[in-house]
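I have placed the structure first, in the form of structure tokens, so that the comments after it can refer back to it.
The values are calculated or read from the model by the stated rules, or taken from the named source; none is laboratory data. Because the structure is a prediction, the values reported are computed rather than measured. Using ideal geometry, Cβ is built from the backbone for each residue, glycine included, and neighbour counts are taken over all protein chains shown. Only protein heavy atoms, including side chains, enter the accessible area calculation; ligands, DNA and RNA are left aside. Shrake-Rupley method; radii C 1.70, N 1.55, O 1.52, S 1.80 Å.
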Amino acid sequence: MTVVGQAVIYARFSSDKQNEASIDAQVRACREYAAAKGMTVGEIYADEAISGKGSKTASRKAYQRMLRDTRKGSFDTILIHKYDRVARNLGEHVNLEMKLKEQGVRLIAVAQDYGESKEAKVMRSLTWALSEYYIDNLSGETTKGLIETAHKCLHTGGTPPFGYDVVDQHYIINEVEAAYVRRMYQCALDGSGFTGLLSEMEAAGIRGKRGAVMKYTQIYEILKNERYTGVYLYSPHEEERRADRRTKPNAIRVEGGMPAIISKEAYTKVQEIMKGRKHTGAKGEYLCSRIVYCGNCGAKMHASTTHKRDYAYAIYTCSDKCGIGSVRADLVDEAAHMYLKELLTDEVQQEIEKALRQYIRTEKDRVKEHNQLVDLQTKEKQRQIDALVENLASGKLPGEVVEQLGNKIKDLKEQIEALSASEPPRDFTTEQIIAWLRAIKEAPDETAVRLLIERIEVKKDKEKATTEFKVTSTLNSVVGKSGCGGRI
């Protein structure tokens, strides 16, 4: 039997951005919420130095122990500070909600408590979606020091591209690697292939920047990287969408900002050759690709482009070729569009707006927490600098060690400068999010469809010459919506 009114707290901090003070701040906020709601707090589960973005939840020992303890019935509520403490993936959030519901346990994010109305549940689900959709892009903008470095066309960290080295933060050409880069482009231009070149590189001990043997995938990345023409690129976001990772559409872009290895002409010709080899009707070119299923046999339906006389149009066909025939992609898109209109009604959006405005009132607390964390991290880095300076002052260290320590001190000082220039991470404003929701309702893009729609089933009745669509939302388990259907 589950103990009613008994809560536990889960907190987590990431090694790269937070420290123990973050755990304390999260626990304090959860305790204050519990006291206000008349809850008794039992155990506190905390995972330290675990990233929410890149790690698997299986690696969080305290988190897994807490999930196992839900089966004991010793508590009925889990308190967290914000939803990104448990996951930054919409699917993980939905699965967690379902598992906890089976055990009679609630999950409450005390800084994002929207209540239990239908609209509040939609708001909570959209918070999960927005976390996945926006957080990575927002986080890169908090360090203005790196952006200033980029405007100077200096190295901002990480591994430089194959063909380049970094000296005093400046890109220089690695002539040995650059010679192979030029040969890669030449192979692409004359169509001779890369098998011989790859074998030669392996025999000569030429490796990628991380020490791995070069393969076709690395060559493809090099052929798509505009930096080799001398264009400096730096994205102010931590991660671009994977499809745009090379071109970085939102990047700081400086022509001639780094030494060129390949001419503009050669690069442009190679892009035209590679574009010409692409398969027509690639998955990413269709609004609803990868979520359309055959209502007859359950198999996925794949998109392609077909031609009739002088007219080209997109269709979906069953991957198992069960005989259902094809359906026009524009009809599938229309079904998705109509579903999102139904999901994001004006009434729902008004409730979301109210919840958002209430949440934004907590911004002062987030600013205070950020400033405390910056202060602690700055003091820790200064402590490291003082220790290194003390070692240098001994005068008994070999020359190469002195140089290494000097470089370490320089790096730490740059990190302190970046921390001083950083600003609290800001969520999108209420107006921006509402505008985004309205835009989805009127003209959804591929990302919005992926976030809010899990599955579209297509059924065709050949005798009646009708097509039916059943749309299932990713929010179903949360808002209790069974999906909507349409017939054409």
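Ranked by solvent-accessible area (1.4 Å probe, protein heavy atoms only, all chains present), the residues Thr159, Thr472 order from largest to smallest as Thr159, Thr472.
Between Val254 and Val213, the modelled labels are 3.9 nm apart [label points 7 Å from Cα along Cα→Cβ]. What is the distance in Å between the Cα centres of segment 157-188 and segment 385-419? First find each Cα centre; the distance between them is then 29 Å. Among Ser420, Ser319, the sequence by solvent-accessible area, most first, with a 1.4 Å probe is Ser420, Ser319. With each label modelled as a point 7 angstrom along the Cα→C-beta vector, the Glu417-Val4 pair spans 6.1 nm. Dividing the convex hull volume of the alpha-carbon atoms in segment 183-224 by its residue count gives 64 Å³ per residue. How many nm is it between the label spots at Gln186 and Ile273, if each spot is 7 Å from the Cα in line with the beta carbon? Using points 7 Å along Cα→Cβ, the separation is 1.2 nm. Multiplying the residue separation of Thr466 and Glu221 by 0.36 nm and subtracting their alpha-carbon distance yields 83.7 nm. Ordering of 322-330, 265-273 by packing is 322-330, 265-273, highest average first (other Cβ atoms within 10 Å, averaged per residue).
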